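Encoded as structure tokens, the structure appears first; notes follow it.
The values are calculated or read from the model by the stated rules, or taken from the named source; none is laboratory data. In this text the structure is predicted, and so the values were computed from the model without any measurement. Don't worry about glycine lacking a Cβ; one is built from the backbone with ideal geometry, like all the others, and counts go over all protein chains shown.
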Amino acid sequence: MRNVLTLLFCVYLFYSCKEVSYPIPQPSGIKVASQIPKNLRGQYLHIDSGVVQTEDTLVIENQGYHFLSNKSKEEEDWLDRALLGDSLVLKTHKGYYFFNFQVEDQWTLRVVKQNKDGSIQVLSIQLDGNEEEVIEKLSKQLPVSRVEVKGDTFYQINPTPSQLINLIDQGFFTGEVFKKIK
């Protein structure tokens, strides 16, 4: 569950050794939101293969999010809680919520889509196990640059807002479902 959220954002959240990144918060040219919209706020549980996972609860509030868990402060990583500000930027576009996380001079992205039942999908471009295939397909859509930051590899892209929506529509972004409980 925690790994899913780390890759997810939230998320997914999430920072792995290899990640698709962006030079600026996405979508480019879209206004930054000052708070998280009311319809997204609440408590969510992760659903894995149709089964609700109750180990961690994702709490989304007007200025950020956090997880209710048994982790001590020392065990938490930077994705376990975040507030909107310089290193977490939210933008909304075409029915999606774009959570941008700053990692050094790179931005990682988690896309949230709210379903009609109130549940949310947390999406990202996942490189787990099929990195070369994903990067090859991605490079047919737009330029991809390999960037090394403190031993971590980022594959940087800089899509236009319409290219970003096309990547979502084409299934480049995948992720997990969280059920709204409150």
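Observations
- As for segment 44-58, it holds no residue that is exposed (fewer than 15 other Cβ atoms within 10 Å of the Cβ), among the charged types (D, E, K, R) and modelled with pLDDT of 95 or more.
- Some residue of segment 154-162 being part of a helix (DSSP H, G or I) and either exposed (fewer than 13 other Cβ atoms within 10 Å of the Cβ) or not aromatic (Phe, Trp, Tyr) (or both): yes
- Tally of residues being modelled with pLDDT of 90 or more, assigned to a strand (DSSP E or B) and out of contact with any Ser or Thr (no Cβ under 9 Å at 6 or more places or on another chain) across segment 126-150: 1
- Number of residues in segment 59-102 that are at pLDDT below 90 and touching an Asp or Glu at 6+ places or on another chain (Cβ under 8 Å) equals 5.
- Single unsatisfied condition, Val32 versus (1) in contact with a Lys or Arg (Cβ under 7 Å, 6 or more places away or on another chain); (2) at pLDDT 95 or above; (3) surrounded by 13 or more Cβ atoms within 10 Å (Cβ to Cβ); (4) under 20 Å from Pro159 (Cα atoms): (3)
- Unmet criterion (only one of (1) modelled with pLDDT of 95 or more; (2) more than 16 Å from the chain's Cα centre (by Cα); (3) hydroxyl-bearing (Ser, Thr, Tyr)) for Thr153: (1)
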